[in-house]
Amino acid sequence: MRTIKTTFAALATAAVMATPTVAIAADYTIGVSIPAATHGWTGGVNFHAEQAKQRLEAAHPNIAITISTASNPGEQANDLEDLVSQRNIDALVVLPFESGPLTDPVRRVKDAGVFVTVVDRGLEQEGIEDLYVAGNNHELGRVSGEYIRDRLDDQGDIVVLRGIPTVIDDERVQGFQEAIEGSEINILDMQHANWNRDDGFEVMQDFLARFDRIDAVWAQDDDIALGVIEAVRQANREDELFIVGGAGMKDIIKRVMEGDELVPVDVLYPPAMIATAMDLTVQHFTSNGPVTGQYILGSPLITQENAEQYYFPDSPF
């Protein structure tokens, strides 16, 4: 994923708010290509994509949306080719399985005259897409770090469970470290847990065995956080620390809503960003304003007071 340097949220938001002034003479087909539900977050992406399809097609009878899911980069590249040759799409919304292998396939779609919206995982070459929609990884880390710093009153011993070694992970960690800089927060250790529940459990077990005192845990991701919760409970150390995850998994949001002291907050990195991308892409055809640039979503702190608005009980994530 390439580094985000500029945000055109205001431009994109203005496009969303614009009202069509002329009737649309033609029908449009929008292809949506996303990874299959291989883990919790992508399961949420699939859920919100289907919800957005139903809502948008009901609101815009002249627009058809087709969704394809892929289990690997090669399958997704084939899906893109089929969307152009078989579905004759006018626009593509794509969340790349991996950035590198999908760069050329997406470029070929763009070369065919298709409006392209890329979501979350940027391509290796800038400038291919018309619109880029993503969460703010640096902000996720910063918000997490600020909460931990404030909660611990600028001092304490913590552990950090990172994600997969990627640019996304680096951006989150950078934001976190900047937030605690200048405090007496001491990071005892920082290990990759690969955004995985089992890995989170194993890494946290190791931390608990090695450190007699841990004041807080930054788990970075809610799948990791579930593994951390289990390890902490098995060690009977729930009263010693608190855990901050990230993404907005419904199981974690429910804990926050219920006032779980072990998981007092969460930080949003919403799988619903796929719906935002679909909304904006539809606006390209229905508004009288441009829909281009970058639309970067915020990463609000989810607390017991506001958790209900982020809780989707029917979502798999």
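The values are calculated or read from the model by the stated rules, or taken from the named source; none is laboratory data. Note that this is a predicted model, so its numbers are computed, not measured. Backbone-built Cβ (ideal geometry, glycine too); neighbour counts: all protein chains shown. The accessibility values were calculated without ligands, DNA or RNA, using every heavy atom of the protein model including side chains. Shrake-Rupley method; radii C 1.70, N 1.55, O 1.52, S 1.80 Å.
Mind listing just one residue for me: the one in segment 156-170 that is out of contact with any Asp or Glu (no Cβ under 6 Å at 6 or more places or on another chain), in contact (Cβ under 8 Å) with a residue 40 or more places away in the chain and within 18 Å of Pro271 (Cβ to Cβ) and, of those, most open to solvent (accessible area, probe 1.4 Å)?
Thr166
Against the condition in contact with a Ser or Thr (Cβ under 9 Å, 6 or more places away or on another chain), under 16 Å from Ala91 (Cα atoms) and at pLDDT below 95, how does Ile67 come out, does it pass?
No.
Pairs under 6 Å by beta carbon, first residue free of Cβ contacts under 8 Å to residues at least 60 places away in the same chain in segment 99-118, partner aromatic (Phe, Trp, Tyr) and not in a helix (DSSP H, G or I), six or more apart or different chains?
Taking only residues 6 or more apart or on different chains, the pairs are Val118/Tyr132.
Restricting to segment 175-195, what's the tally of residues that are open to solvent by less than 10 Å² (accessible area, probe 1.4 Å) and either assigned to a loop (DSSP other than H, G, I, E, B) or modelled with pLDDT under 95 (or both)?
1
Return the total of residues in segment 117-147 being among the β-branched types (Val, Ile, Thr) and either within 12 Å of Gly175 (Cβ to Cβ) or surrounded by fewer than 24 Cβ atoms within 10 Å (Cβ to Cβ) (or both).
Final tally of qualifying residues: 2.
Say whether the condition of being touching a strand residue (DSSP E or B) at 6+ places or on another chain (Cβ under 6 Å), of a type outside the set (A, V, I, L, M) and closer than 19 Å to Gln220 by Cα is met by at least one residue in segment 277-287.
The answer is no, given that none of the residues of segment 277-287 is touching a strand residue (DSSP E or B) at 6+ places or on another chain (Cβ under 6 Å), of a type outside the set (A, V, I, L, M) and closer than 19 Å to Gln220 by Cα.
Against the definition (without any contact (Cβ under 8 Å) to a residue 24 or more places away in the chain and out of contact with any strand residue (DSSP E or B) (no Cβ under 8 Å at 6 or more places or on another chain)), how does Asp153 come out, yes or no?
Taking the combined requirement at face value, the residue satisfies it.
Mind checking whether some residue in segment 196-208 is open to solvent by less than 60 Å² (accessible area, probe 1.4 Å), free of Cβ contacts under 8 Å to residues at least 60 places away in the same chain, assigned to a loop (DSSP other than H, G, I, E, B) and not assigned by TED's automatic domain parsing to the domain that holds Thr103?
Among the residues of segment 196-208, not one is open to solvent by less than 60 Å² (accessible area, probe 1.4 Å), free of Cβ contacts under 8 Å to residues at least 60 places away in the same chain, assigned to a loop (DSSP other than H, G, I, E, B) and not assigned by TED's automatic domain parsing to the domain that holds Thr103, which makes the answer no.
Take the residues in segment 259-282 that are in contact (Cβ under 8 Å) with a residue 24 or more places away in the chain and acidic (Asp, Glu), then tell me which one is most open to solvent (accessible area, probe 1.4 Å).
Asp279
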